[in-house]
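The values are calculated or read from the model by the stated rules, or taken from the named source; none is laboratory data. Worth saying up front: this structure is predicted, and the values here are computed from it rather than measured. Here the Cβ positions follow ideal geometry from the backbone for every residue, glycine too, while neighbour counts run over all protein chains shown. With ligands, DNA and RNA removed, areas are computed over all heavy atoms of the protein, side chains included. Shrake-Rupley method; radii C 1.70, N 1.55, O 1.52, S 1.80 Å.
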Amino acid sequence: MANIFDPVTFGSINLPNRILMAPLTRARSDRNGVPNALMAEYYAQRAQAGLIISEATGISREGLGWPNAPGLWNRAQVEGWKLVTDAVHRAGGRIAAQLWHMGRLVHPDLGGGQPISSSATTAPDFAYTYEGKKPYTEARAATREDIKRIVGDYAQAARNAITAGFDGVQLHGANGYLIDQFLRDGANFRADEYGGSIENRLRFVTEVLSAVGDAIGMEKVGIRFSPNIYSQGVEDSDPIPLFAALAQRLEELNVPWIELREAHRPTSAGAVPTAPVSPAIRPFYSGAIAVNSDYDGPSARARMAEGIVDAISFGRPFIANPDLVERVRAGAPLNPGDEATYYSGGAAGYIDYPTLSEERAAA
Ligand SMILES: Cc1cc2nc3c(=O)[nH]c(=O)nc-3n(C[C@H](O)[C@H](O)[C@H](O)COP(=O)(O)O)c2cc1C
């Protein structure tokens, strides 16, 4: 049985431990989605992670609707990301880019034009824009031509990620964004070959994975899902058979690793989780499975000791504990994060959380 400090292989990436940094949007890029030296410092501080998964990163102008989130569709963004990947590698770490199309969750103020989704729907609640919160607007249903173009955008963003020095990519298939809007029947009402049956709802993600695998090699590709939580209006009436079929598809495609945001308690957004889905995925999928949500050191070690999953990913704990791996090893307490600075921009609450040795020196 693997220990959380044992090495593990995710496709072509060799992880020295099984503590992953979960993707965390921190809104520190400029308005053109260009990463910078501040972000390089933040990620390099967290290089002890077995693998850093970057904050969600737009594959296209159309797909990015979060203020100050980064992109990976143009040269300036690639150059900005090189600062980050170089810094992480110099610090001894590894980093995958989380590739993001937000679908109907892109407000026209940010994305340019009407948002796009599997079906003509409007997301509930409010979008963050540069002028504050605004209600979402209705998305139009993607045409077959749109789908072809978006699949191409994923492949190009993956190539750009490799050019920018990332060790691989993770497709963002979780949290109610575009891939999830195709997968789950609470948002996909299409009558064509991309909607209806499970097989049809798997078509979009299958095409994206195949195109990205062809572009950069499937050994560099992972994907994230959030199968047991309602996310931003997206849920499924029967998630177990859907995700079991998806697991078989991932196996056929040779996708080497997946990350599941599998909540055990209500999320910060108030979503109450349904039954865990990882037990339905494991029998069909032989790649590495990382699980996320609400873990601390002891609960992560206990989960690993069950011998079912291969790694644990930590989100909020990595915000406030840059040396999380060392703290888990030492059984040291974890600092709480300051929610007010999660998306605030600037260095405060971003690169100023202390390591254990800094805390000891200050004591
Ligand atoms: C500030 C913040 C930003 C997040 N950004 C992303 C993101 O960009 N992509 C993503 O897939 N999940 C994102 N999440 C979800 C986290 O990756 C993670 O699933 C969640 O925080 C639960 O894990 P934790 O209990 O270890 O924090 C974000 C969460 C927080 C708190």
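Nearest 20 debye, what's the magnitude of the dipole of the chain about its Cα centre given +1 on Lys and Arg Cβ and -1 on Asp and Glu Cβ?
Rounded to the nearest 20 debye, it is 300 debye.
Ligands, DNA and RNA excluded, the heavy atoms of S299 present near 40 Å² of accessible surface to a 1.4 Å solvent probe. Expressed as a whole percent, the accessible surface of the chain that belongs to carbon and sulfur atoms is 52, based on a 1.4 Å probe. Rounded to the nearest whole Hz, the Karplus-based 3J(HN,Hα) values (6.51 cos²θ - 1.76 cosθ + 1.60, θ = phi - 60°) of segment 104-119 follow the sequence 6, 8, 9, 6, x, 4, 9, x, x, x, 5, x, 10, 8, 5, 9, with x at glycine and proline. The string of couplings for segment 218-234 from the Karplus curve (6.51, -1.76, 1.60, θ = phi - 60°) is 5, 5, 9, 10, x, 8, 10, 9, 10, x, 10, 10, 5, 9, 6, x, 10 Hz, one whole number per residue in order, with x for Gly and Pro. The relative contact order of the chain comes to 17 percent, based on Cα pairs under 8 Å that sit 6 or more residues apart. Accessible area per residue for segment 110-223 is 37 Å², calculated with a 1.4 Å probe on protein heavy atoms, without ligands, DNA or RNA. The trypsin sites (Lys or Arg not before Pro) found in segment 4-75 that occupy coil by DSSP, while having at most 13 further C-beta atoms within 10 Å, are R31.
Working note: Karplus 6.51/-1.76/1.60 with θ = phi - 60° gives segment 259-267 the couplings 10, 10, 7, 10, 6, 10, 9, x, 6 Hz, where Gly and Pro are set to x.
Prolate is the label for segment 232-363. Its Cα gyration tensor axes, ordered a ≥ b ≥ c, give a/c of at least 1.5 and a/b above b/c.
Evaluate the relative contact order of segment 181-280 (contact order divided by residue number), counting alpha-carbon pairs under 8 angstrom at least 6 apart; express in whole percent. Please list the in-between numbers first.
Details: 136 pairs, mean separation 29.2, N = 100.
Over segment 181-280, the number comes to 29 percent.
Straight Cα distances below 12 angstrom link K133 to the aspartates and glutamates D109, D125, with same-chain residues fewer than 8 positions distant left out.
Which lysines, on any chain, are close to K220 with Cα under 24 Å apart, when same-chain ones fewer than 8 places away are left out? Answer for K220, where 24 Å is the Cα cut-off: K82, K148, listed by chain and number.
About its Cα centre, segment 102-230 has a charge dipole of approximately 80 debye under the convention of +1 per Lys or Arg Cβ and -1 per Asp or Glu Cβ, with nothing else charged.
Solvent-accessible area per residue in segment 225-363 equals 44 Å², computed with a 1.4 angstrom probe and all protein chains kept.
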